[in-house]
Amino acid sequence: MKQLPANPLSINLTFEHERLWWQTDDEDHMPERWSVSADVAVTRCAPKNRHVADFSLVIADLHRERNLLDAPDLGDWAMEFIAETLIDPAQGKLHPDLDDKITPGVARMVIVRHVVLTPPWQGHGLGGALLAGALRALAPGARLAVARVSPLDFLSSSPDKISAELASIRFGALLERIGFKQWREVHFVDLQHPQLLDARMEMFEQYENIYEI
């Protein structure tokens, strides 16, 4: 395994919520668009390697009167999969079979849109741990996180269909390592799932004896 550019325990997560300045009412900026940047916080790292990863997330309200399909921020796949697979459109909530699998809480979900690690940090299992940290930080305001695992979502960033298929498989494996399970055609995780904590602690224990914190 190649050497890491810096101590992974010094990586900070920065959360940025984007909204237009004139959107003053709660309804105006829902679903919420969040960008999470992972960056090394210490100077003992080459500047070109300090940026570690980017995550693109959306937080959607399950009980809104306005249909989720009215929100272009969710992306094309939401129209096919969230409304038909996760949401009971008649009642504006999760389908009962899925609802039973999720800890009670705020009626919102986090949609994982993109997970991108920079090349120097790839190949160490950090992507799952960092995503788990980001999702747990948002857990007080949502019940679950969901993601679609499909080669179609990787075609634009892959040189060919085979590469897109492999990228999709790797993404699915990353999600499952931190507790995501497949339900119909969507991967989901209860944001109270202990594996979200375990994924971070395993990484912490792996590196705490190698690097000084």
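The values are calculated or read from the model by the stated rules, or taken from the named source; none is laboratory data. All values derive from a computational prediction rather than experimental measurement. Reconstructed Cβ throughout: ideal geometry from the backbone, glycine too, with neighbour counts over all protein chains shown. Heavy atoms of the whole protein, side chains included, go into the accessibility calculation; ligands, DNA and RNA do not. Shrake-Rupley method; radii C 1.70, N 1.55, O 1.52, S 1.80 Å.
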The residue that is most open to solvent (accessible area, probe 1.4 Å), considering only those in the range 187-213 that are among the hydrophobic types (A, V, I, L, M, F, W, C) and within 13 Å of the chain's Cα centre (by Cα), is F188
Just checking, how many residues over the range 170-186 are in contact with a Leu (Cβ under 9 Å, 6 or more places away or on another chain) and surrounded by 18 or more Cβ atoms within 10 Å (Cβ to Cβ)?
6
Matching entry among F204, F180, F171 (being of a type in the set (A, V, I, L, M, F, W, C) and touching a helix residue (DSSP H, G or I) at 6+ places or on another chain (Cβ under 7 Å)):
F204
For the range 38-59, the count of residues that are under 13 Å from the mean Cα position of the chain (by Cα), at pLDDT below 95 and open to solvent by 40 Å² or more (accessible area, probe 1.4 Å) equals 0
Residue among L74, L86, L69, L13 that alone is in contact with a helix residue (DSSP H, G or I) (Cβ under 8 Å, 6 or more places away or on another chain), modelled with pLDDT of 90 or more and surrounded by 13 or more Cβ atoms within 10 Å (Cβ to Cβ)
L13
May I ask you to list the residues in the range 108-125 that are under 13 Å from the mean Cα position of the chain (by Cα) and open to solvent by less than 40 Å² (accessible area, probe 1.4 Å)?
M109, V110, I111, V112, V115, L117
